[in-house]
Amino acid sequence: MDKSTLREHVDLIREVFSYNRRFKDSLFVIKIDSSIIDHPYFSILVKDLSLLHQNGIRFVIIPGAHDRIDEILGQYNISYESKNGIRISSEESINFIKMAAFDVSNKVMTQLSGYDIPSVIGNWVRARALGVLDGVDYQKTGRVDKIKADSIKTLLKEGHIPIFPCIGWNAKGDPYNISSDELARVIAVKLGASKLFFINADEVLTSSNCRVPEEMNLPEDGRISKLSLNQARQLLDVNEENPRMARIRTALEACEQGVNRVHIVDGTSDGALLKEIFSNLGIGTMIHNNTYERIRDMENKDISSVLSLMKPFIDKGILISRSRQDLEEKKKDFVVYSMDGIIHGCGALHSFSSELAEIAALAVDRKFVHLKIGGKIVAYLLDQARERGFDRVFVLTTQTTDWFLNLGFEQADVEDLPEEKRAQYNKDRNSRVLMYRF
């Protein structure tokens, strides 16, 4: 194996470990379309889910049952119709719909049991009738009213995987057919999931299958790999009639309600889920509710607040002293965490070459440490560094080594610093050098 290939493998391993450390103990909500459950790659997807489970990632599964419902209703010669993309579930059909939903859920549970992963199918969803919309009576089709979050969290703590059929019950115990996508969104919001996945059999979203707003820059292959909330809204505005936008709309709603990331992934390729989670670029489309939405570029009016915020850390020797002129000259490198117009945190990303950057001047108001603002700022700056093409990011620290190590940084040496930084290195201060590699 030549050195360049070896380096690629090593970089990939580092990347996977970095993401694994970041996502350990996180909760993922995974909606799997029925087309994937019947696909040959479904068994591979389940194997990948078992790997995630074994490495400390918790998740719940919502299996789509659309195809199986169609199949069973056809077998029993029960007709149905849909309006506005919603199935009208008659009194005659609801028990057969319930049968299909639990049949698919059992199929998922059976596959998981092959990897010794405990899973539970339950009735944790309270539903109510969708009712009559625009003159259409949807009969036994419903919407999610609430979920039994405490029961689900208990199962997750015990290492079980909850599986949700697309059925909910009202207070009297009557079943309703509910949208699996809506169910996934509600569960992700109510449980505080860090990620929501929609795994389908559709080709990735690109400039060839939807209109792209002019201001949206795409890579050469035209794939829409990432959308901010504003970009998602713009995409919806210019694709009102495109059926692919239904899931973008659901993803947008989930993010607006607090889910950090929603991923739409084509599951008909080997290792699709792992590639989406453990690589910088992924293979699908990610809509992100920036957990850094309160993080913005520093403005001139912020400089006094930033200097005041940094002073206690300068006095304790944690940060080096910076003047107003220093901040004015490097203003474009700085970001601030602002809440209700008040600055509670700051940080900077200084570039030294096309490959290497530094995170510096990190400070957080002590009264707001419980909000984990420092970690959010570092994650934001790392994302910025990744997007700008840096290979490595370093920090110099005297008193926060363990904190940075927990964020994925590794011990490094002064010799690893760029020449300009080595020349400025203060031996009396004797800062430790830590490096983050993408």
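The values are calculated or read from the model by the stated rules, or taken from the named source; none is laboratory data. Remember, predicted model here, so these are calculated numbers, not experimental data. Please note: Cβ atoms are built from the backbone with ideal geometry, for glycine as well, and neighbour counts cover all protein chains shown.
Structure notes:
- Filtered residue count, the stretch 217-255, keeping only those that are of a type in the set (D, E) and closer than 26 Å to G64 by Cα: 3
- Check on L155, of a type outside the set (K, R), touching a strand residue (DSSP E or B) at 6+ places or on another chain (Cβ under 6 Å) and farther than 26 Å from S82 by Cβ: yes
- Residue in the stretch 256-267 that is surrounded by fewer than 18 Cβ atoms within 10 Å (Cβ to Cβ) and either in contact with an Asp or Glu (Cβ under 9 Å, 6 or more places away or on another chain) or part of a strand (DSSP E or B) (or both) present: no
- Test: residue in the stretch 111-124 that is within 28 Å of I248 (Cβ to Cβ) and either at pLDDT 95 or above or surrounded by fewer than 21 Cβ atoms within 10 Å (Cβ to Cβ) (or both): yes
- Residues of the stretch 382-408 that are part of a helix (DSSP H, G or I) and either under 13 Å from A363 (Cβ atoms) or among the aromatic types (F, W, Y) (or both): W403, F404.
- Residue among I320, I314 that alone is crowded, with 16+ Cβ neighbours inside 10 Å and of a type outside the set (K, R): I320
- Residue match in the stretch 226-233 (condition: assigned to a loop (DSSP other than H, G, I, E, B) and of a type in the set (D, E, K, R)): no
- T401, sole failed condition from (1) in contact with a Phe, Trp or Tyr (Cβ under 9 Å, 6 or more places away or on another chain); (2) surrounded by 17 or more Cβ atoms within 10 Å (Cβ to Cβ); (3) over 23 Å from N260 (Cα atoms): (2)
- Single condition L434 does not satisfy, out of (1) assigned to a strand (DSSP E or B); (2) surrounded by fewer than 12 Cβ atoms within 10 Å (Cβ to Cβ): (2)
- Qualifying positions in the stretch 62-86 - of a type in the set (K, R) and closer than 14 Å to D33 by Cβ: R68
- Failed criterion for L218 (all others in (1) surrounded by fewer than 16 Cβ atoms within 10 Å (Cβ to Cβ); (2) of a type outside the set (D, E, K, R); (3) modelled with pLDDT of 85 or more hold): (3)
- Checked against the criterion of being within 17 Å of the chain's Cα centre (by Cα) and either closer than 30 Å to S93 by Cα or in a helix (DSSP H, G or I) (or both), the candidates A251, A171, A246 yield just one match: A251.
Conditions (1) crowded, with 19+ Cβ neighbours inside 10 Å; (2) of a type in the set (S, T, N, Q); (3) in contact with a Ser or Thr (Cβ under 6 Å, 6 or more places away or on another chain), marked per residue:
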residue: K153; (1), (2), (3): no, no, no
residue: G159; (1), (2), (3): no, no, no
residue: I163; (1), (2), (3): yes, no, yes
residue: V189; (1), (2), (3): yes, no, no
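- Listing of strands (runs of 3 or more DSSP E) fully contained in the stretch 42-134 that carry 2 or more residues being touching a residue at least 40 places away in the same chain (Cβ under 8 Å) and of a type outside the set (A, V, I, L, M, F, W, C): 58-63, 125-129
- Within the stretch 24-34, not a single residue is surrounded by fewer than 19 Cβ atoms within 10 Å (Cβ to Cβ), in contact with a helix residue (DSSP H, G or I) (Cβ under 6 Å, 6 or more places away or on another chain), outside the structural domain of L405 (by TED's automatic domain parsing) and in a helix (DSSP H, G or I).
- Search result, residues across the stretch 124-143 that are closer than 17 Å to L156 by Cβ and not β-branched (V, I, T): W124
- In the stretch 381-424, the residues that are closer than 20 Å to D333 by Cα and hydroxyl-bearing (S, T, Y): T397
- Look at the stretch 415-427: where a residue is hydroxyl-bearing (S, T, Y) and modelled with pLDDT of 90 or more, no partner that is part of a helix (DSSP H, G or I) and surrounded by fewer than 12 Cβ atoms within 10 Å (Cβ to Cβ) sits 6+ places away or on another chain with Cβ atoms under 6 Å.
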